[in-house]
Amino acid sequence: MRTTSEAIKAYAAALPEGATLSAKELLHLGERAAIDQALSRLVKRGELMRVRRGLFALPVKTRFGARAPSVEAVVENIAKTTGERVSLSGASAANMLGLSTQNPSRQIYWTSGPSRYLKLGAQSVELKHVPSWQLRAPNSRAGHAFRALAYFGKSEAGEALGRIKSQLSEDERRELLALRASAPTWMAKELSTLAVA
């Protein structure tokens with residue numbers, strides 16, 4: 001008969017990269033106290049990573065050794081399991097669209113859930129709670145443009161929008177224009193220029 005640790009390892013190995021585990025998800029493998037002890041032992045042995053208190057992920061084995069799962073995969077999995085909306089931060093969106101050369105020292109994602117920090121090997125990731133209007137179209141280029149404008153703020157939004165327009169297809173510009181209904185007035189006013197462009 002296999003141990004609780006072995007059962008957890010086998011369960012985790014069957015999950016895709018970036019999938020997270022918590023003790024509550026593993027109660028079918030044993031009693032809570034035994035699960036907690038097994039998780040602790042697996043972390044000490046380097047066979048599991050503690051992403052944050054109570055949340056674990058399986059390291060990815062490569063020919064060069066074990067590495068942390070990709071940040072994107074972990075964040076996507078957290079969004080899926082918690083039901084919260086998660087997207088790139090405004091600064092990351094601006095960087096991705098070539099509007100800013102600043103690279104944040106730590107990866108920041110905006111979320112509809114609570115703010116918290118994740119640790120993936122040497123990488124520190126912040127999930128930062130923001131108002132729901134900033135999370136519209138979380139995975140589209142138009143949505144990223146929307147977040148970039150929010151990041152630049154009232155004083156720089158007009159100039160930023162001028163630079164963004166040329167990077168978006170006609171469909172993406174229409175999608176961005178449609179997002180103005182949920183934006184603050186200053187931003188909706190800037191986005192309205194897309195209707196007459």
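The values are calculated or read from the model by the stated rules, or taken from the named source; none is laboratory data. Quick caveat: nothing in here was measured; it's all calculated off a predicted structure. With ideal geometry, Cβ positions are generated from the backbone for all residues, glycine too; neighbour counts draw on all protein chains shown.
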Taking the stated definitions as given, is Val86 at pLDDT 90 or above and among the hydrophobic types (A, V, I, L, M, F, W, C)? yes
The residue from Arg174, Arg163 that alone is at pLDDT 90 or above and among the basic types (Lys, Arg) is Arg174
Please specify each residue of the stretch 6-18 satisfying the condition of being touching a helix residue (DSSP H, G or I) at 6+ places or on another chain (Cβ under 6 Å), modelled with pLDDT of 90 or more and surrounded by fewer than 21 Cβ atoms within 10 Å (Cβ to Cβ). Ala7
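Residues checked against (1) over 30 Å from Ala157 (Cα atoms); (2) in the same structural domain as Ala150 (by TED's automatic domain parsing); (3) free of Cβ contacts under 8 Å to residues at least 40 places away in the same chain:
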| residue | (1), (2), (3) |
| --- | --- |
| Thr20 | yes, no, no |
| Leu27 | yes, no, yes |
| Asp36 | yes, no, yes |
| Leu39 | yes, no, yes |
| Lys44 | yes, no, yes |
| Val75 | no, no, no |
| Gly83 | yes, no, yes |
| Ala91 | no, no, no |
| Leu99 | no, no, no |
Any chance Leu118 is surrounded by 14 or more Cβ atoms within 10 Å (Cβ to Cβ) and assigned to a strand (DSSP E or B): yes
From the set of residues in the stretch 166-182 that are of a type in the set (A, V, I, L, M, F, W, C) and either surrounded by 14 or more Cβ atoms within 10 Å (Cβ to Cβ) or in contact (Cβ under 8 Å) with a residue 24 or more places away in the chain (or both), which is farthest from Gln134 (Cα to Cα)? Leu168
Hey, does the stretch 131-149 have a residue that's farther than 30 Å from Pro69 by Cα and not polar (S, T, N, Q)? yes
Evaluation of Thr185 against (1) in contact (Cβ under 8 Å) with a residue 12 or more places away in the chain; (2) farther than 30 Å from Val43 by Cβ (one fails), failing number: (1)
Residues of the stretch 131-149 that turn out to be farther than 21 Å from Arg163 by Cα and within 13 Å of the chain's Cα centre (by Cα), as a count: 1
